[in-house]
(Lines give C-alpha, C1' and ligand atoms only; values in the text may rest on other atoms or scores of the structure.)
Protein backbone atom coordinates (compact mmCIF):
# COMPACT_ATOMS: atom_id res chain seq x y z
CA UNK A 1 0.00 0.00 0.00
CA UNK A 2 1.28 3.46 -0.83
CA UNK A 3 1.88 6.19 1.69
CA UNK A 4 -0.96 8.70 2.11
CA UNK A 5 -0.78 11.50 -0.39
CA UNK A 6 1.48 9.54 -2.68
CA UNK A 7 -0.04 8.34 -5.97
CA UNK A 8 -0.02 4.63 -6.57
CA UNK A 9 1.56 3.51 -9.82
CA UNK A 10 -0.93 2.08 -12.22
CA UNK A 11 -0.75 0.57 -15.63
CA UNK A 12 -1.25 3.87 -17.39
CA UNK A 13 1.75 5.54 -15.79
CA UNK A 14 4.25 3.15 -17.35
CA UNK A 15 4.05 2.41 -20.99
CA UNK A 16 5.34 -1.11 -21.80
CA UNK A 17 5.62 -0.26 -25.48
CA UNK A 18 8.32 2.33 -24.90
CA UNK A 19 10.98 -0.29 -24.33
CA UNK A 20 12.75 -2.02 -27.18
CA UNK A 21 11.52 -5.38 -25.90
CA UNK A 22 7.93 -4.11 -25.92
CA UNK A 23 8.25 -2.99 -29.52
CA UNK A 24 9.80 -6.30 -30.50
CA UNK A 25 6.98 -8.19 -28.80
CA UNK A 26 4.44 -6.04 -30.60
CA UNK A 27 6.12 -6.69 -33.98
CA UNK A 28 6.16 -10.44 -33.29
CA UNK A 29 2.46 -10.35 -32.45
CA UNK A 30 1.57 -8.39 -35.60
CA UNK A 31 3.64 -10.59 -37.89
CA UNK A 32 2.07 -13.65 -36.26
CA UNK A 33 -1.37 -12.29 -37.03
CA UNK A 34 -0.30 -11.56 -40.60
CA UNK A 35 0.92 -15.14 -40.86
CA UNK A 36 -2.40 -16.55 -39.67
CA UNK A 37 -4.51 -14.35 -41.92
CA UNK A 38 -2.33 -14.90 -44.98
CA UNK A 39 -2.47 -18.66 -44.44
CA UNK A 40 -6.26 -18.53 -44.19
CA UNK A 41 -6.44 -16.44 -47.35
CA UNK A 42 -4.06 -18.80 -49.14
CA UNK A 43 -6.17 -21.81 -48.21
CA UNK A 44 -9.32 -20.04 -49.38
CA UNK A 45 -7.71 -19.06 -52.68
CA UNK A 46 -6.47 -22.62 -53.22
CA UNK A 47 -9.95 -23.97 -52.51
CA UNK A 48 -11.43 -21.45 -54.92
CA UNK A 49 -8.94 -22.45 -57.58
CA UNK A 50 -9.65 -26.13 -57.05
CA UNK A 51 -13.43 -26.02 -56.77
CA UNK A 52 -14.46 -23.14 -59.00
CA UNK A 53 -11.56 -23.12 -61.49
CA UNK A 54 -11.87 -19.44 -62.44
CA UNK A 55 -10.79 -18.67 -66.00
CA UNK A 56 -9.99 -15.00 -65.52
CA UNK A 57 -6.61 -14.16 -67.01
CA UNK A 58 -5.45 -12.44 -63.81
CA UNK A 59 -6.38 -15.39 -61.57
CA UNK A 60 -3.25 -17.38 -62.42
CA UNK A 61 -1.16 -14.55 -60.98
CA UNK A 62 -3.43 -13.71 -58.06
CA UNK A 63 -4.07 -16.99 -56.27
CA UNK A 64 -0.39 -17.76 -55.42
CA UNK A 65 0.11 -14.31 -53.81
CA UNK A 66 -1.24 -15.32 -50.37
CA UNK A 67 1.07 -18.36 -50.39
CA UNK A 68 4.06 -16.14 -51.08
CA UNK A 69 2.96 -13.80 -48.29
CA UNK A 70 2.54 -16.79 -45.96
CA UNK A 71 6.08 -17.99 -46.62
CA UNK A 72 7.64 -14.57 -46.16
CA UNK A 73 5.65 -13.81 -43.01
CA UNK A 74 6.54 -17.23 -41.56
CA UNK A 75 10.21 -16.51 -42.14
CA UNK A 76 9.88 -13.00 -40.67
CA UNK A 77 7.98 -14.34 -37.66
CA UNK A 78 10.63 -17.00 -37.00
CA UNK A 79 13.44 -14.43 -37.11
CA UNK A 80 11.59 -11.93 -34.93
CA UNK A 81 10.58 -14.63 -32.44
CA UNK A 82 14.18 -15.82 -32.16
CA UNK A 83 15.30 -12.22 -31.54
CA UNK A 84 12.58 -11.82 -28.93
CA UNK A 85 13.59 -15.01 -27.14
CA UNK A 86 17.27 -14.11 -27.17
CA UNK A 87 16.46 -10.67 -25.76
CA UNK A 88 14.49 -12.11 -22.83
CA UNK A 89 16.55 -15.20 -21.98
CA UNK A 90 19.63 -14.58 -19.87
CA UNK A 91 22.80 -15.77 -21.49
CA UNK A 92 24.58 -18.71 -19.85
CA UNK A 93 27.69 -16.56 -19.28
CA UNK A 94 25.79 -14.18 -17.02
CA UNK A 95 25.83 -15.87 -13.64
CA UNK A 96 23.44 -14.89 -10.97
CA UNK A 97 25.25 -12.98 -8.21
CA UNK A 98 23.27 -14.90 -5.59
CA UNK A 99 24.10 -18.34 -7.01
CA UNK A 100 26.66 -19.06 -4.26
CA UNK A 101 24.15 -18.17 -1.55
CA UNK A 102 21.57 -20.48 -3.11
CA UNK A 103 24.04 -23.34 -3.29
CA UNK A 104 25.01 -22.89 0.38
CA UNK A 105 21.36 -22.69 1.39
CA UNK A 106 20.55 -25.90 -0.46
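Of note:
- Output for the stretch 55-79, where each listed residue is touching a helix residue (DSSP H, G or I) at 6+ places or on another chain (Cβ under 7 Å) and either exposed (fewer than 13 other Cβ atoms within 10 Å of the Cβ) or touching a residue at least 40 places away in the same chain (Cβ under 8 Å) (or both): 73, 76, 77
- Residue-level check: of (1) loosely packed, with under 12 Cβ neighbours inside 10 Å; (2) at pLDDT 95 or above, residue 35 misses just (1).
The values are calculated or read from the model by the stated rules, or taken from the named source; none is laboratory data. Remember, predicted model here, so these are calculated numbers, not experimental data. Every residue, glycine as well, gets a Cβ built from its backbone with ideal geometry; the counts of neighbours run over all protein chains shown.
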